[in-house]
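First comes the structure, then the notes that go with it.
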Amino acid sequence: MLYVNDYLVTEENELEIVAQQLKDYLFKEKLIIVREDQVPVTQEELASLLQTNAPEIRLVAMYTTVLLREFKEELENYIQKVEVYIEDMRETENFSDVLNGFVQTTEALLEFSVVQEFLQKSLVNQQQVNDISTKTLARAEEGNLEYVLDILEYEVLPILHYFLDETNEVM
C-alpha cells in the first residue's frame, strides 16, 4: 500500500503499476514528494523508496505551487544579482573575475534546471549549455574576458529569464 500525506494512492504491489499510479496522482493533485526538510526528492530517491519491499510506504508531498512560488522568488533574486554583477563588470571594466562569475552562474543554471521535471517542461538543453561552456573556455584561453561577460549576458542570462517566464506561465 502506498500513501501520500495519509491518502491511500494504491494497494497495488507491482512496482511499475505503483509508480504510474503515483505519478498520475501527483500530477492530478499538483503535488510533489518531499523529504522531511521539505526538499523535493529526486527521481532516483523516489525510485529507491518505491523499490523497498515494505508492505506500506508513506510519503509526504507538498503542492507544486508552494515549491514554484519559492523557486520563483529565489530565481528572481538570483537574476537580479547576475544583472547587477554584469552591470558592475561593465562599469569598472575589470573582467578579472568574470570567468568565476560565468562558472557560478552556469552551475546555478544547472541547479535551477531541476525544476523542469516538476514543470514537466524541458527548460535547459544540456547540449546548449555544453556549447556555451566550450565557447566560453575558448574565449577565456584567448584572454578575451569581455567576450565571456557578453556570453554571460546574452546567452546565459536569457536562459534564466526563460526559466522565470515558464515558471510564471505555470503559476
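Only the coordinates and a few stated rules stand behind these numbers; no lab work does. None of these values were measured; they are calculated from a predicted model. When we count neighbours, we look across all protein chains shown, and the Cβ atoms used for this are built from the backbone with ideal geometry, even at glycine.
In a DSSP loop and with at most 12 other Cβ atoms within 10 Å, the trypsin sites (Lys or Arg not before Pro) in region 12-84 are Arg35.
Only lysine pairs 8 or more places apart or on separate chains count here, and in the chain those with Cα atoms under 25 Å apart total 9. Taking each DSSP H run with n ≥ 4 as -39500 (n - 2.57) and averaging over every residue of the chain yields -20500 deg cm²/dmol at 222 nm. Each Cα pair under 8 Å and six or more residues apart adds its sequence gap; the mean of these over the residue count of the chain is a relative contact order of 22 percent. Counting only whole DSSP H helices of the chain, the ones at least 30 Å long by C-alpha along their axis and with mean Kyte-Doolittle hydropathy no lower than -1.0 are 64-92. From the coordinates of this entry, mean projected area of the Cα convex hull in nm² is computed, and it appears in (1) 11.2; (2) 16.9; (3) 24.3 under the label (1). In this structure the amide hydrogen of Leu31, modeled in the peptide plane, comes within under 5 Å of the amide hydrogens of Thr64, none closer than 5 places in sequence on its chain.
Taking amide H atoms as placed 1.01 Å from N in the peptide plane, the amide H of Asn5 lies under 5 Å from those of Leu59, Val60, Ala61, each 5 or more residues away in sequence or on another chain.
Loop-resident chymotrypsin sites (Phe, Trp or Tyr not before Pro) (DSSP state other than H, G, I, E or B) in region 1-67 with no more than 16 further Cβ atoms inside 10 Å of their Cβ are absent. Residue separation of Asn130 and Asn53 scaled by 0.36 nm, minus their Cα-Cα distance, works out to 23.7 nm of gained length.
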